[in-house]
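Only one structure is covered here, and it is reproduced in the block below.
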Amino acid sequence: MVSKSVLAGALACMMLGQPATEPAQQSAPQQQSLPDGPKPQTIPDAPTPQMLPQVTPGRGTTPESNGATSTSDDGAVANKLPETAAQKAEDEKQPDVPLAGEGPKAFTLMVQTNFVEIPFTVKDNKGKLVAGITPREVRVYENNLRQHLSLFTTDAFPLSVALVIDQSLGFDNMAKVNNSLAALQGAFTQYDEVAVFTYNNGPRMVTAFTAAPSARLTQALERSKTGGREMSYIPGGGLNQNIDVNNGAQNYIDPNTNQTHGRSIVGIQNPPREVHTLNDAILAAATSLSKTAQGRRRLVYVISDGKEYGSKAKLSEVIKYLNQNKIAVFGTLVGDSALPVVGFFDRMHIPLQMRDNVLPAYATATGGNFEGQFRQKAIENSFANIAREVRTQYTVGYYTHEPFIDGKYRQVEVKVLRPNLTVMAKKGYYPTAQETKPVGVTPMAR
């Protein structure tokens, strides 16, 4: 009776779609067969709940199947994604291929800046440096047209200095220069670089650019010392009288005692000309400076009496090269040209004669300066004075509206709206291709 009641309850639950009770489930396995009637069907269990996939930051959840590569264990992005129709169409597109030899141009960004940089110095009527100039007080004119200032700074630039030492001086002046060279190195800082050139009958590089405090520069200055040049013509000196043979009967002059070593055809004395290749020396120094890095103040520092004769390069050609490469000429004038009165007359050039002093022309055209000193102590102090003047320069910049690469000289004038002040700046510049280099593009490090 009990078995029949259990069977009836199971059938009723099956027909109603309800799961069997616990006693029925426990007793069901005990019924293996029934003598009569259909066998009962096994009731399936409910589906097992599925857990949601866990998402790790930086990793994907795509399973590795059907040839697709999932995210690696170290969090790297998968190197293969499921292909779509849009991706297949994108892969079929071919990139643009430049012509042969045009590849580098395709990856070059050209930006024409037309930017002009003008450093200048301001002094009062006593020759002292003037500080505290503001941008509102500065006016810049290019070809008589006022320019809008885009840059104004008083920061000191690191210096690249090409030192030019005159070895064609006389004994006394050369000794003063030799003794003062020990103080030259102290005028520069550890951020500056200096190259040394000398000239007598031609320029010679003693050392290429090296750090200012280095021992290499010390040795180069020591090797630059020399005894000077013996004067070849001294009017009124001993054994310079003209001695006539046979009491002038044959009008013959002994060349061994003649102060001019002979006469010309018309009977005019021909004094020998001394060679002072200052133009060639400045050009050699400027050529080396043009290869220095951008962002440095370039200047040629000359220690000389300013005499020029026998150079292959012309004064105008050297000045043009200096302005094209943003190089200013500073210097210390020694010898007789350093004296106020003598120096004034030395600046006056007589045609077909040797130029007694060309440093003023270089300094005026390039925005530099020079000091005339006659004594050794004053020569040593001039080194520090010139270096301090360069470090306290103001720098303005503007974007010119002129066509930049036309090769024509541009006149520049800098004014300060204060009375009784002197502004020293270069008189103009020549536009070059250096101003159209790409800006704001940093090469990738390899």
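The values are calculated or read from the model by the stated rules, or taken from the named source; none is laboratory data. It should be emphasised that the depicted structure is a prediction, and the values quoted were computed from it without experimental measurement. Counting neighbours? That spans all protein chains shown, and the Cβs are built from the backbone with ideal geometry, glycine included.
A few notes on this one:
- Tallying residues that are assigned to a loop (DSSP other than H, G, I, E, B) and in contact with a strand residue (DSSP E or B) (Cβ under 7 Å, 6 or more places away or on another chain) within region 159-188 yields 3.
- Of all residues in region 110-158 being among the small types (Gly, Ala, Ser) and in contact with a Ser or Thr (Cβ under 8 Å, 6 or more places away or on another chain), the one that is nearest to LYS408 (Cα to Cα): ALA156
- On inspection, GLY306 fails the criterion of being on the phi > 0 side of the Ramachandran plot, at pLDDT below 90, crowded, with 22+ Cβ neighbours inside 10 Å and assigned by TED's automatic domain parsing to the domain that holds ASP166.
- Matching entry among THR366, THR392 (being surrounded by 19 or more Cβ atoms within 10 Å (Cβ to Cβ) and under 14 Å from PHE120 (Cα atoms)): THR366
- All told, LYS415 falls short of being surrounded by fewer than 16 Cβ atoms within 10 Å (Cβ to Cβ), assigned by TED's automatic domain parsing to the domain that holds TYR191 and at pLDDT 90 or above.
- Selection status of VAL329, modelled with pLDDT of 95 or more, in contact with a Ser or Thr (Cβ under 7 Å, 6 or more places away or on another chain), β-branched (Val, Ile, Thr) and not in a loop (DSSP other than H, G, I, E, B): yes
- Pick from region 110-153, criterion under 19 Å from the mean Cα position of the chain (by Cα), surrounded by 12 or more Cβ atoms within 10 Å (Cβ to Cβ) and not in a strand (DSSP E or B), ranking: modelled with the highest pLDDT: ASN114
- Any hit, region 326-338, residues being in contact with a strand residue (DSSP E or B) (Cβ under 7 Å, 6 or more places away or on another chain) and either outside the structural domain of ASP192 (by TED's automatic domain parsing) or surrounded by fewer than 20 Cβ atoms within 10 Å (Cβ to Cβ) (or both): no
- Subset of region 168-217 (residues that are more than 26 Å from GLN294 (Cβ to Cβ) and of a type in the set (Asp, Glu)): ASP172
- Per-region count, region 359-378, residues within 14 Å of GLY306 (Cβ to Cβ) and either assigned to a helix (DSSP H, G or I) or in the same structural domain as THR121 (by TED's automatic domain parsing) (or both): 6
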